[in-house]
Amino acid sequence: QVQLVESGGGLVQPGGSLRLSCRISGAFFRTYALAWYRQAPGKQREVVATITVDGSENYTDSVKGRFTISRDNAKNMVYLQMNSLKPEDTAVYYCRRGLLAGGTFHPTSTDYWGQGTQVTVSS
């Protein structure tokens, strides 16, 4: 069973930064697109950022210019650098592997969600 383990969350003041990490076990890591999701209290889970096999990045409008997704295929890792954090970024953040089709990220259906990592932006 593939495991997804997120880490790096915490409590940060508005304007601060955090770097999230996620290790995804399993073979052929480099053949998957990757994504970071988040779910805020009372809201649906949403895709925050995606990165293709060849490293092309895409972001939801609310985080463009502040967040950066990256991957390290040698380590089976995906990262999310979050700068200029705002209270509305408060959420549990999750990573997933999958594929991008027609601009939409489709998570691998046989994978389970990890435990996520809590990000709280508050003064």
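For this structure, a couple of remarks:
- Count - residues of region 18-36 that are over 12 Å from Val78 (Cα atoms) and surrounded by 12 or more Cβ atoms within 10 Å (Cβ to Cβ): 2
- Asn83 vs. criteria on the phi > 0 side of the Ramachandran plot and at pLDDT 95 or above: no
- When region 62-94 is filtered for residues that are under 10 Å from Ala49 (Cα atoms) and part of a loop (DSSP other than H, G, I, E, B), only Lys64 remains.
- Among residues of region 35-51 that are without any contact (Cβ under 8 Å) to a residue 24 or more places away in the chain and more than 12 Å from Gly116 (Cβ to Cβ), none has a Cβ under 6 angstrom from a residue that is of a type outside the set (D, E, K, R) and in a strand (DSSP E or B) at a sequence gap of 6+ or on a separate chain.
- Under the condition of being crowded, with 16+ Cβ neighbours inside 10 Å, charged (D, E, K, R) and closer than 21 Å to Gln39 by Cβ, the residues counted in region 71-96 number 2.
- Candidate set from region 30-54 (those that are closer than 14 Å to Pro107 by Cβ and part of a loop (DSSP other than H, G, I, E, B)); member that is nearest to the chain's Cα centre (by Cα): Arg45
- Put simply, of Thr110, Thr50, Thr68 the only residue that is open to solvent by less than 50 Å² (accessible area, probe 1.4 Å) and either of a type in the set (S, T, N, Q) or in contact with a His (Cβ under 7 Å, 6 or more places away or on another chain) (or both) is Thr50.
- Qualifying positions in region 53-65 - open to solvent by less than 50 Å² (accessible area, probe 1.4 Å) and either of a type in the set (Ser, Thr, Tyr) or on the phi > 0 side of the Ramachandran plot (or both): Gly55, Tyr59, Thr60
The values are calculated or read from the model by the stated rules, or taken from the named source; none is laboratory data. These figures come from a predicted structure and were not determined experimentally. Reconstructed Cβ throughout: ideal geometry from the backbone, glycine too, with neighbour counts over all protein chains shown. Ligands, DNA and RNA are excluded from the accessible area calculation, which covers all protein heavy atoms including side chains. Shrake-Rupley method; radii C 1.70, N 1.55, O 1.52, S 1.80 Å.
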